[in-house]
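Have a look at the structure below before the remarks.
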Amino acid sequence: ITVREGKGSFLVYSPQKYKDPAWAPVFYNPRMKCSRDISSSIIQAYARLLGKESLVVVDALSATGIRGIRYLLENTAVSKVILNDLNPRAVEIIRENVEINNVSDSVEIRNEDAVRLLASLRGIDIVDIDPFGSPAEFIDPAIRSLKHKGMLCVTATDLPPLLGKFPKTCLRKYFAKSILTEFSRELAVRIMIYFVAREAAKLRRTAVPVFSFYHSHHIRTCFIVLRRETHYSGLIDSIGFVWYNPSSLDRKAVKLLDFRLAGNEWLIGGPLWISNLASQKMVETVLEIYREREQNMDLCKNGEKIVSLMLSENEMPPFYFTTEKLAGTYSLKEMTTEETIEKLVNAGFRASPTHFEPKGFKTDANINDIVAILRTA
Ligand code: SAM
């Protein structure tokens, strides 16, 4: 059927026929009209505020092409749109819709994986990422494709993880733990902004969120991405944690750099990796090979020592202690690392030296046990 939306007409699979728009051969969801209406206005606002003309827009996951074609029809500042979809049937519909709306001169149609397409593009003004579910995999190549002060607009429809219903999935996709609160829709947007800001920062760019909203089972945020004049301090002051007390409904935003446990001296770092740093099998094999090679190759002297220390420390709990710091902090006589390890092992704990530091050791004893054992020495 043909529907009218904004300034265009579009051939789509009849939404009435499919219970979920994702089940149609080519996706079209009339309920996203409002999102497209707002997004088209954001493009106009971007052009006006930055005094831009002749904008090149990539609609990287186009489906019927409705979004990108509307951007073109409704914004004189847009001079070219690249419409892309991996699904060949979507590309057929996109072709028809480009014809129907008489915009073939200003449209380039592609049938590629969006990641590959974006990775091959440079100097783009605006990239729109509107996937099923999570946009996470598309953010890095989208940021790379943009010119200085280009705009990235991102939709996420995978709301259950972001809203705190599946915190483990959220951690996996966005490197953040979501929690259940009455303001989780806002948290979802904030987690997504954090994720995009990180993806930009690792590329030495700054993603400044300029428009964010929740509407009907999706969230959407637009960012201006700076390649120069980057504002790292803005990033550092803007990344933090939320504290929420479900009994009192009290909440706080705490900057990551200022993060402390309430009312005490603990410093908190991370998120970071807290499991093993290597595979035991890999380290064993490297050690074996190193020893074989040492006989007829000029290998560095320390190599074998580093690798064998890695082997002994790999399965210990994280974060080594040092004999020096323990002695200084608890007014103890400083023992050698070997003596310290021997004492801990004799007391029934696991302990190992570490390649990170000659005065360091790792152990499964806690700080109270360690201090008690070293005091009685
Ligand atoms: N932007 C469209 C709109 O406003 O109606 C909706 C896009 S729909 C939610 C997502 C589209 O992405 C689908 O048409 C799907 O075929 C396409 N797609 C999924 N994975 C893709 C990928 N890796 N590369 C390119 N297109 C992809």
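The values are calculated or read from the model by the stated rules, or taken from the named source; none is laboratory data. Keep in mind it's a predicted model, so treat the numbers as computed, not measured. So basically every Cβ, Gly included, is an ideal-geometry build from the backbone, and we count neighbours across all protein chains shown. Surface accessibility is based on the protein's heavy atoms, side chains included, excluding ligands, DNA and RNA. Shrake-Rupley method; radii C 1.70, N 1.55, O 1.52, S 1.80 Å.
Given 80/149; 165/255; 202/252, which pairs have Cα atoms separated by over 21 Å?
On the way: 80/149 18 Å; 165/255 24 Å; 202/252 27 Å.
Listed pairs above 21 Å: 165/255; 202/252.
Rolling a 1.4 Å sphere over the protein heavy atoms, what is the accessible area per residue of the stretch 6-100, to the nearest Å²?
Details: 4290 Å² over 95 residues.
Per residue, the stretch 6-100 has an accessible area of 45 Å².
Sort the stretch 235-376 into rounded, prolate or oblate with this rule: let a ≥ b ≥ c be the square roots of the eigenvalues of the Cα gyration tensor; rounded if a/c is under 1.5, and if a/c is not under 1.5, prolate when a/b is larger than b/c, oblate otherwise.
Here the stretch 235-376 falls in the oblate category.
First measure r as the distance between the Cβ atoms of residue 336 and residue 257, then evaluate 1/(1 + (r/R0)^6) with R0 = 45 Å and state the FRET efficiency to the nearest 0.05.
For R0 = 45 Å, the calculated efficiency reads 0.80.
Quick check: net charge around residue 36, other residues with Cβ under 14 Å of its Cβ, Lys/Arg +1 and Asp/Glu -1?
Around residue 36, the charge tally is +1.
Please identify the cysteines of the chain that lack any partner cysteine with a Cβ under 4.7 Å from their own Cβ.
34, 170, 300
Ranked from the most accessible area to the least, with a 1.4 Å probe and all protein chains present, what is the order of 48, 110? Write down the numbers at each step before the final one.
Working: 48 180, 110 60 Å².
From most exposed to least exposed: 48, 110.
Within 9 Å, Cβ to Cβ, of residue 122, how many net charges do the neighbouring residues add up to if Lys/Arg are +1 and Asp/Glu are -1?
On the way: positive: 144, 147; negative: none.
Its environment carries a net charge of +2.
If packing is taken as the mean number of other Cβ atoms within 10 Å per residue, what is the order of 356-367, 328-339, 89-100, highest first?
89-100, 356-367, 328-339
Dipole of the stretch 122-183, Cα-centred, from +1 at each Lys and Arg C-beta and -1 at each Asp and Glu C-beta, to the nearest 20 debye?
280 debye
To the nearest 20 Debye, how big is the dipole of the chain about its Cα centre, given +1 on the beta carbon of each Lys and Arg and -1 on that of each Asp and Glu?
On the way: 50 positive and 44 negative charges, 217 e Å.
So the magnitude is around 1040 debye.
By how many nm would the segment from residue 105 to residue 315 grow when fully extended, if each residue of separation counts as 0.36 nm and the alpha-carbon distance is taken off?
Extra length from residue 105 to residue 315 when fully extended: 69.4 nm.
Give me the 1.4 Å probe accessible area per residue for the stretch 186-307, excluding ligands and nucleic acids, in Å².
I get 68 Å² per residue for the stretch 186-307.
Leaving out same-chain residues fewer than 8 places away, which lysines sit with a Cα under 19 Å from that of residue 305?
Filter leaves 281, 359, 362.
Which distance in nm do the two modelled labels at residue 115 and residue 297 give, with both placed 7 Å along the Cα-to-Cβ direction?
Using points 7 Å along Cα→Cβ, the separation is 3.2 nm.
So what's the net charge close to residue 292: Lys and Arg +1, Asp and Glu -1, counting the other residues with Cβ under 15 Å from its Cβ?
-3
Which order do you get for 243, 23 if you rank them by accessible area with a 1.4 Å probe, largest at the top?
The residues order as 23, 243, largest area first.
If packing is taken as the average number of other Cβ atoms within 10 Å across a peptide's residues, how do 150-159, 2-11 rank, most packed first?
150-159, 2-11
Report in % the part of the accessible area of the chain that belongs to carbon and sulfur, leaving out ligands and nucleic acids; probe 1.4 Å.
54 percent
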